[in-house]
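Enquirer: Below are the structure tokens for one structure; questions will follow.
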Amino acid sequence: MDLICTIIAHTLPYRSKQRLFKLIKISIVLAALYFIYQKIVHNNTLHFSEFYNILSENNAFSVKTLSFLLILSIINWLFELFKWQLLLRPFKNISLKQACEQCLGSLTTSLITPNRIGEYGAKAMYYEASFRKHIVAINFINNILQLAVTTFVGLIGLWWFIQSYNTALNMEYLAIYGTILVLVISFIGWFIFKGNFKLKQVSTKKLRRFFKRFPIKTLYYGFGLSFLRYAVFSFQFYFLLQIFQIRLPYFEAISIIASMYLIASIIPSITLFDGLIKGSVSVYLFAFVGAHELIILSITMVMWMLNFMIPSLIGCFYVLNFKYNKTINS
């Protein structure tokens with residue numbers, strides 16, 4: 001989108017640029033709405049009528065239940081907004097409102113891109129050109145922190161799950177994968193923050209100074225917020241299990257949930273199919289405790305609606321009101 005806007009800015013008259021840019025924003029919103037509609041109404045794994053019946057049978061439409069689930073989703077996203085503010089703070093201060101606009105607007109824009117890669121460009125659009133590569137780097141760090149939490153907790157949960165159930169999963173492969181992933185994340189962190197070798201081949205001087213200014217303490221706090229966010233949405237999944245009458249001890253359920261998020265996180269996907277992938281993985285894992293397939297798919301659908309669909313719909317407002325010429329100065 002950044003490249004498209006740059007081309008528009010240098011090739012078209014002002015009025016034509018404004019009209020074309022409005023058309024691009026409307027197209028993004030319509031595409032997001034279309035994919036949300038397809039996800040809910042034309043789901044190949046869970047028909048809408050089945051989903052509705054399961055929710056009705058389990059009284060999932062009660063005001064108290066929905067309110068609590070929505071509160072958990074709000075807390076989940078608040079931690080993400082606080083984390084985005086925190087990671088930006090060494091270089092610029094943004095308000096919670098600005099963090100909300102950037103995070104939810106970029107979520108809508110990235111909805112149909114592989115592994116939400118469009119989020120990088122969308123967030124960068126809120127800043128002037130000279131600072132955009134830094135925003136991409138900060139967003140990468142943001143995602144690495146969340147992945148580190150998912151990996152750390154997920155490996156523990158998966159180890160417990162494999163020890164408790166007779167699965168086809170191999171502990172040796174799990175150990176190898178975990179070791180490689182931890183080494184890669186550790187190397188990236190050392191490369192960015194502590195590396196003393198020449199970086200001219202991979203970065204500009206300004207970008208090197210940028211990383212040197214990044215406080216290590218900020219990373220610790222960012223990791224903590226990532227962990228709190230993980231705790232909230234994993235508990236949200238557990239709460240839904242209770243609503244749908246799947247009675248499991250908390251730590252047993254969390255081990256399966258952590259395993260699900262770990263396995264799903266390493267499978268490349270378009271965000272639209274993120275729920276489908278998590279659904280397939282969760283159906284396989286929860287089958288070991290005798291959970292019905294349609295109930296697990298329904299829980300995964302509800303999680304997708306609460307944490308992706310609703311924030312994406314709010315993000316549509318921010319996309320439509322985005323002003324390309326009103327960037328945040330570095």
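Enquirer: Whole-Hz ³J(HN,Hα) for each residue in region 282-291, computed from phi via Karplus 6.51 cos²θ - 1.76 cosθ + 1.60 with θ = phi - 60°, x for glycine and proline: what do you get?
Expert: 5, 4, 5, 6, 6, 4, 5, 10, x, 6
Enquirer: Taking amide H positions as placed in the peptide plane 1.01 Å from N, state which residues far from Tyr127 in sequence (5 or more) or on other chains have amide H under 5 Å from it.
Expert: Ile328
Enquirer: So how much accessible area does Leu219 have, in Å² to the nearest 10, using a 1.4 Å probe?
Expert: Looks like 30 Å² after rounding.
Enquirer: Sum up the charges of everything whose Cβ sits under 14 Å from the Cβ of Cys103, counting Lys and Arg as +1 and Asp and Glu as -1, but leave Cys103 out.
Expert: +2
Enquirer: Here's a follow-up. Between Leu248 and residues 5 or more places away or on another chain, which pairs have amide H atoms under 5 Å apart, with H built 1.01 Å from N, and which residues are they?
Expert: Placed amide hydrogens put nothing under 5 Å from Leu248.
Enquirer: Shape call for region 72-163 from the C-alpha gyration tensor, a ≥ b ≥ c root eigenvalues: rounded (a/c under 1.5), prolate (a/b greater than b/c) or oblate?
Expert: Judged from the Cα gyration tensor, region 72-163 comes out prolate (a/c at least 1.5, a/b above b/c).
Enquirer: On a 1.4 Å probe surface of the protein chains, which of Tyr238, Tyr34 comes out largest in accessible area, and what is the full order?
Expert: Per-residue accessible area, sorted high to low, gives Tyr34, Tyr238.
Enquirer: Shape call for region 18-72 from the C-alpha gyration tensor, a ≥ b ≥ c root eigenvalues: rounded (a/c under 1.5), prolate (a/b greater than b/c) or oblate?
Expert: Since a/c reaches 1.5 but b/c is at least a/b, the shape of region 18-72 is classed as oblate.
Enquirer: Right, another one. Can you classify region 55-120 as rounded, prolate or oblate using the Cα gyration tensor, where a ≥ b ≥ c are the square roots of its eigenvalues, rounded means a/c under 1.5, and otherwise it's prolate if a/b beats b/c and oblate if not?
Expert: It comes out oblate by the Cα gyration axes.
Enquirer: Any chance you could look up the accessible area of Val153 with a 1.4 Å probe, heavy atoms only, rounded to 10 Å²?
Expert: The value for Val153 is about 30 Å².
The values are calculated or read from the model by the stated rules, or taken from the named source; none is laboratory data. Everything numeric in this text was worked out from a predicted model, so none of it was measured. In this analysis, Cβ positions are derived from the backbone assuming ideal geometry, glycine residues included, and neighbour counts consider all displayed protein chains. Quick note on the areas: whole protein, heavy atoms, side chains included, nothing else; ligands and nucleic acids left out. Shrake-Rupley method; radii C 1.70, N 1.55, O 1.52, S 1.80 Å.
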